[in-house]
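Here's the structure we're looking at; comments come further down.
Just so you know, all these numbers are worked out from the coordinates, no wet-lab data involved. Note that the coordinates shown come from a computational prediction; the quantities given were computed from them, not determined experimentally. Please note: Cβ atoms are built from the backbone with ideal geometry, for glycine as well, and neighbour counts cover all protein chains shown.
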Amino acid sequence: MQRNNKLRMLIYCAMFAAITGILAQVEIPLPLVPISGQTLAVGLTATIIGSRYGAIAMIVYACLGAVGVPVFAEAKAGLHILVGPTGGYIFSFIISAFITGLILEKTKFTILNAMIANTIGMIITLTLGTIQLKYVADLSWTTAIGAGVTPFIVVGLIKAYLASVIGIKVRERLLKADLLTDVSRDSEKTIAA
């Protein structure tokens, strides 16, 4: 039974890595960093499958892009994207998914908690992404923040809200259908043991 649950969760990881690649192609081009659906996918992933598996899904996503599968924004791929100006955003997805899921696992999977967790995840993504953007593109802090943070705040809050509402509803339905392992109960068992 536990082996089946782990296999199912790993299938979800692969699925959410693919969803992230698909949503990455939904974008609004901007001069340095495009607005894309990637962060919506990160929030959905963490809200639905939690910290550990959410982070694994984002590692799979980054690895797929690194080896040449065109899953990054604008159907780009390759290691040069990860070490380039926008690579910090992609690396931050791993940390963001983990922290977002962890907050929900330590509190409760509700829309309000998910909104708080996804907003924190957005802040992590924007912060880490902007740091790499600043240093790799050799920008001033003002220019880096203007290009890497400011255009994404309102859109990021909208995506955090959507990830929270959709993610919690999907999670509830998957749990009800017994198609998802309740990671919050698993972490409680681990703590009690």
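Got the relative contact order for the chain handy, in percent, Cα pairs under 8 Å and 6 or more residues apart? Relative CO of the chain lands at 24 percent. For the range 111-146 and the range 55-100, write down the distance between their C-alpha centroids in whole Å. The range 111-146 and the range 55-100 have Cα centres separated by 15 Å. Full extension of the chain between Ile131 and Lys76 gives 17.7 nm of extra length, using 0.36 nm per residue less the Cα-Cα distance. Have a look at Gly68, Gly21, Gly156 and tell me which one the Gaussian network model of the chain (Cα, springs below 10 Å) gives the largest fluctuation. Of Gly68, Gly21, Gly156, the most mobile in the Gaussian network model is Gly68.
Per-residue ellipticity at 222 nm, computed for the chain from helices alone with -39500 (n - 2.57) per DSSP H run of at least four residues, works out to -25000 deg cm²/dmol. For Val149, no residue 5 or more places off, or on another chain, has a built amide H under 5 Å of its own.
Given the Cα-Cα distance of Leu162 and Val67 and 0.36 nm per residue of separation, how much length would full extension add, in nm?
Full-extension gain reported as 31.2 nm.
When Rg and Dmax of the Cα atoms in Å is calculated for this entry, the matching label among (1) 16.4, 54; (2) 15.9, 49; (3) 18.9, 58 is (1).
By other beta-carbon atoms within 10 Å, ranking Leu126, Leu102 with the fewest at the front produces Leu102, Leu126. In sequence order, the range 37-49 has phi-based couplings of x, 4, 5, 4, 5, 4, x, 4, 4, 5, 5, 8, 10 Hz under the Karplus curve 6.51 cos²θ - 1.76 cosθ + 1.60, θ = phi - 60°, and Gly or Pro positions carry x.
Report the FRET efficiency, 1/(1 + (r/R0)^6), for Lys106 and Asp138, where r is their Cβ-Cβ distance and R0 is 45 Å, rounded to 0.05. Calculated transfer efficiency: 0.70.
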